[in-house]
Amino acid sequence: MTLEYSKKVKEYFLHPKNMGEIKDANGIGKIGNPICGDVMVIYIKVEKKKGKEIIKDIKFKAFGCAAAIATSSMITELAKGKTIEEAKKIGLRDIAESLGGLPNIKMHCSSMAEKALKKAIENYIEEKKE
Ligand code: FES
């Protein structure tokens, strides 16, 4: 069992991409992790183009461990420019793989990023109905 972070995890932790908040976001997903008490928020700005709903912008805030920051940053990169249907399919393993792997005990951090994005998409769909 590896307890080391990959080079990529360290890079994304030290220089996270898409960190921050979107003021006019039309979907927000906030999730708390019962295992460690950490919190992650994902903001999305979805725009319709040729009948498709595209994630034009996405940002995150994370109050947690290095893996929480790296995985939430990575999911923003994976989801940007995708349709909401495609983005919903991004799983914790896709995030971990894109980061060059994660120690097993840190997979729950990746799961948190996956859930936060799904919640943001659900929130966008809910808001749209009103
Ligand atoms: Fe809390 Fe990683 S230990 S999110």
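The values are calculated or read from the model by the stated rules, or taken from the named source; none is laboratory data. Computed from a predicted structure; not experimentally measured. No Cβ is skipped: glycine too gets one built from the backbone with ideal geometry, and neighbour counts run over all protein chains shown. For accessibility, only protein heavy atoms count, side chains too; no ligands or nucleic acids. Shrake-Rupley method; radii C 1.70, N 1.55, O 1.52, S 1.80 Å.
Which of the residues belonging to segment 62-84 are out of contact with any helix residue (DSSP H, G or I) (no Cβ under 8 Å at 6 or more places or on another chain) and either open to solvent by less than 10 Å² (accessible area, probe 1.4 Å) or within 16 Å of the ligand (Cβ to nearest atom) (or both)? The answer is F63, T76. Total residues in segment 3-25 satisfying the condition of being more than 23 Å from E86 (Cβ to Cβ) and surrounded by 13 or more Cβ atoms within 10 Å (Cβ to Cβ): the figure is 6.
Residue-level analysis places I28 outside the set of residues that are over 16 Å from K119 (Cα atoms) and open to solvent by 30 Å² or more (accessible area, probe 1.4 Å). Which one of these is in a strand (DSSP E or B) and open to solvent by less than 60 Å² (accessible area, probe 1.4 Å): I95, I90, I58? Sole residue among the options that is in a strand (DSSP E or B) and open to solvent by less than 60 Å² (accessible area, probe 1.4 Å): I58. Taking the criterion of being part of a helix (DSSP H, G or I), surrounded by fewer than 19 Cβ atoms within 10 Å (Cβ to Cβ) and either more than 13 Å from the ligand (Cβ to nearest atom) or basic (K, R) (or both), would at least one residue in segment 39-49 satisfy it? Looking through segment 39-49, none of the residues is part of a helix (DSSP H, G or I), surrounded by fewer than 19 Cβ atoms within 10 Å (Cβ to Cβ) and either more than 13 Å from the ligand (Cβ to nearest atom) or basic (K, R) (or both). Taking the listed residues A113, A87, the one that is within 16 Å of the ligand (Cβ to nearest atom), in contact with a strand residue (DSSP E or B) (Cβ under 8 Å, 6 or more places away or on another chain) and closer than 24 Å to S6 by Cβ is A113, with no other qualifying.
For the residues K56, K80, the requirement of being under 17 Å from K17 (Cα atoms), touching a residue at least 40 places away in the same chain (Cβ under 8 Å) and of a type in the set (D, E, K, R) singles out K80.
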